[in-house]
Structure formats: structure tokens, C-alpha cells
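Have a look at the structure below, then the notes.
The values are calculated or read from the model by the stated rules, or taken from the named source; none is laboratory data. These figures come from a predicted structure and were not determined experimentally. Note: ideal-geometry Cβ built from the backbone for every residue, glycine included; neighbour counts use all protein chains shown. Accessible surface areas use protein heavy atoms only, side chains included; no ligands, DNA or RNA. Shrake-Rupley method; radii C 1.70, N 1.55, O 1.52, S 1.80 Å.
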Amino acid sequence: MPADNRSHKLRTAIIIVVPTSILLVFIDSTFFQLRKRIKSSQTDISSKGDGNIGLPTFDVVTIAKATNNFSSSNKIGEGGFGPVFKGQLSTGQLMAVKRNSEKSNQGLREFKNEVILIAKLQHAPESC
């Protein structure tokens, strides 16, 4: 094989391999960053430093008990993201519980915004 032909093949291989390697490293780091952002956005609403919205949190067992295991007789409405149930804690305090639908695409940010809005409406001083 002539030396000219070998150097041409080597140059062609370098021209293909180097940009492809750089592209793969870029794609891999992009997916890593995206996966990291998704995992951090899926943290529990009460565990975030800015997630404290001044509302009590309850475990699933307490909520299921208060709503009679999300009984249809306790269903008070349904929105685009899922049904809302009335519940009563063992202390007698009434509560509303939103249960996200399995088909819901609502993320943590949207859920938090909705909870904050409802809390503000519920606790707003009456102006009438």
C-alpha cells in the first residue's frame, strides 16, 4: 500500500473519529444534566428549602384514613389533573385532598402553585 494512500486513510479516519467523539461527549453530558435536573425537580414538596409554604403535611396513611380510602362518596370535584376528596382528620379538622390522576402530566411546580393559590384563597380576609 503506498504511503500516500495510508496517510489519506488516516486523515479520513481522524476527520470522522474526532468530531464524532466530541459530539458523543456533548450528547452524553447534555443527557446527564437533563437527568440531574429531572431528579432534583422530583424531590418532595416539603423537603425543599423553598417548599415550605406554611401548610401542614400528612402521610398517605393519614390521608387515606381521613378520606375513607379515597371513597367516591367523599369526592367533591375533579379537575384536569385529578379528583379532589373531602376528608376529616381524627382531630375533627376538615380537609380537601387532591389526588393526581395517573394520566396527569402535572409536575411539582404546577402542583405547588395550585396548592399555594388555594391556600391563599382559603385564608384571604373577606372583603365583602
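Pairs to check: Lys86/Lys112; Lys9/Lys36; Lys65/Lys103. Give those whose C-alpha atoms are more than 29 Å from each other in this structure. Too far apart for the 29 Å limit: Lys9/Lys36.
Between Lys120 and Phe58, what is the FRET efficiency for a Förster distance of 35 Å, r being their Cβ-Cβ separation, to the nearest 0.05? With R0 = 35 Å, the Cβ-Cβ based efficiency is 0.95.
Sorting Ser7, Ser73 by solvent-accessible area of protein heavy atoms yields Ser73, Ser7, largest first, with a 1.4 Å probe.
Each label point was placed 7 Å from the Cα along the Cα-to-Cβ direction; for Phe32 and Asn113 their separation is 3.2 nm. Estimated at 0.36 nm per residue, the fully extended path between Met95 and Ile16 surpasses their Cα-Cα distance by 22.1 nm.
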